[in-house]
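First the structure, in the form of structure tokens, and then the observations on it.
The values are calculated or read from the model by the stated rules, or taken from the named source; none is laboratory data. Note that the structure is predicted; figures quoted are calculated from it, not measured. When we count neighbours, we look across all protein chains shown, and the Cβ atoms used for this are built from the backbone with ideal geometry, even at glycine. Ligands, DNA and RNA are stripped out before the accessible areas are found, and what is left, the full protein with its side chains, is counted by its heavy atoms. Shrake-Rupley method; radii C 1.70, N 1.55, O 1.52, S 1.80 Å.
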Amino acid sequence: MSATAFLRGLTASAVLVPMLAAAAPAWAVQLSPHRATYALSLDGSTPAKRVNGARGEIVYELRGNACAGYSVQLRQSTDLETEGGRLNSSITTATWEDGDGNAFRFRVVNTVNDESPEEADGVAERRDGQLVVKATKPEEGTIRLAKGVLLPTQHVVKVLDAAGQGESLVEAPVYDGSPDAKKVFDTLTVIGKGSNDPKGLEDAAIKSDLAGRMRYPVTISYYERGTDTQTPDYTISFDLFDNGVSRALKLDYGDFALRGTLTSYEALPQENCAK
């Protein structure tokens, strides 16, 4: 993927990372409301093509619970130094997801080099297991997705549920509204052995309630549905804590990869929920 295509294609899915609607987890997965900041840099362990340097920041905020639903605010700024010059992308994402995965609202704004922003905006409702999306941007229309497509928080819960049961693979189609309110990505998640050893954690994690929590090394490959390619559009690797917080991000786009280092973490107030 070229650097320009990368910047235009950056989505919330490329940061997180995020069970079928009718399925309940075998053990109680509790996502913690939080705000986390990640410093982005070029990953030196992956050979980069046409990209000489990178820097940026991700600010991710999750609020809510399974009773009230989950709201996510994400802001990401990325600067790439390429052979053709400097490229900048600014992304803001705002979503709300029903705790049962039956309703979803999304708004995504992506600006490259201060050009006119590209936007996706709409709502989705699950009817008889099928997601029906009503988009207002980039164009008005109704999209009916196949049954079994997961929403972002559902996907996170499904992965954590599998990790807690000692499973190592999760396959699931995922929809988050980006980048054009139409695309569904088929995902393959590989889950490694969990650990609660604080060795190697950033100061932001050690000085918080993350220290001592179980975390799992996770790699998610994203494939655009409807294409024949065996190569993923992108791959995300990270440590996933049992409360849904991520650290040690690696965003691999084939031609280059970015690292995301946790620089700050704040646990946010959590309301009681009987679910």
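Among R63, R126, the sequence by solvent-accessible area, most first, with a 1.4 Å probe is R63, R126.
Within the same chain, aspartates and glutamates fewer than 8 places from K207 are excluded, and of the rest, those with a Cα less than 12 Å from its Cα are E266. Using only the C-alpha atoms, the convex hull of region 68-177 corresponds to 148 Å³ per residue. Translational diffusion coefficient of region 76-128 at 4 °C, 1.567 mPa s, Stokes-Einstein with Kirkwood Rh over Cα pairs, in µm²/s as a whole number. In µm²/s, the coefficient is 99. The lysines within cross-link reach of K49, meaning a Cα-to-Cα straight distance under 24 Å and a gap of 8 or more places when in the same chain, are K250. Between T229 and T46, residue separation times 0.36 nm minus the direct Cα-Cα distance comes to 63.7 nm. Averaged per residue, region 163-225 has 48 square angstrom of accessible surface, using a 1.4 angstrom probe with ligands and nucleic acids left out. Accessible-area rank, largest first, for K137, K182: K182, K137, with all protein chains present and a 1.4 angstrom probe.
Classified by the C-alpha gyration tensor, region 127-166 has a prolate form. Its axis ratio a/c, with a ≥ b ≥ c, is 1.5 or above, and a/b is larger than b/c.
Computed packing ranks the peptides 89-101, 105-117, 256-268 as 89-101, 256-268, 105-117, most packed first, by mean other Cβ atoms within 10 Å. K134 contributes about 110 Å² of solvent-accessible surface, heavy atoms of the protein only, 1.4 Å probe.
Taking all protein chains together and a 1.4 Å probe, the residues C273, C67 rank C67, C273 from largest to smallest accessible area. Only one item in (i) 124; (ii) 146; (iii) 229 matches volume of the Cα convex hull per residue in Å³ derived from the coordinates shown, and that item is (i). Taking 0.36 nm per residue of sequence separation and removing the Cα-Cα distance, the S195/N113 pair yields an extension gain of 25.4 nm. Taking a ≥ b ≥ c as the square roots of the eigenvalues of the Cα gyration tensor, an a/c ratio of 1.5 or more together with a/b no larger than b/c marks region 154-213 as oblate. When a 1.4 Å probe is rolled over the protein heavy atoms, the share of accessible surface on region 66-175 that falls to carbon and sulfur comes to 42 percent.
Ligands, DNA and RNA excluded, the heavy atoms of L169 present near 100 Å² of accessible surface to a 1.4 Å solvent probe. Summed over the residues of region 92-134 and divided among them, the accessible surface reaches 46 Å² per residue at a probe radius of 1.4 Å. Between the beta carbons of A146 and V123, assuming R0 = 30 Å, the FRET efficiency works out to 0.95 to the nearest 0.05.
Cα centroid separation, region 134-155 to region 73-124: 16 Å. Heavy-atom accessible area for Y223, with the other protein chains in place and a 1.4 Å probe, reaches approximately 60 Å². For the chain, the Cβ-based charge dipole about the Cα centre amounts to some 300 debye (Lys, Arg positive; Asp, Glu negative; other atoms uncharged).
Only lysines eight or more places from K275 in sequence, or on another chain, were considered; those with a Cα closer than 18 Å are K158.
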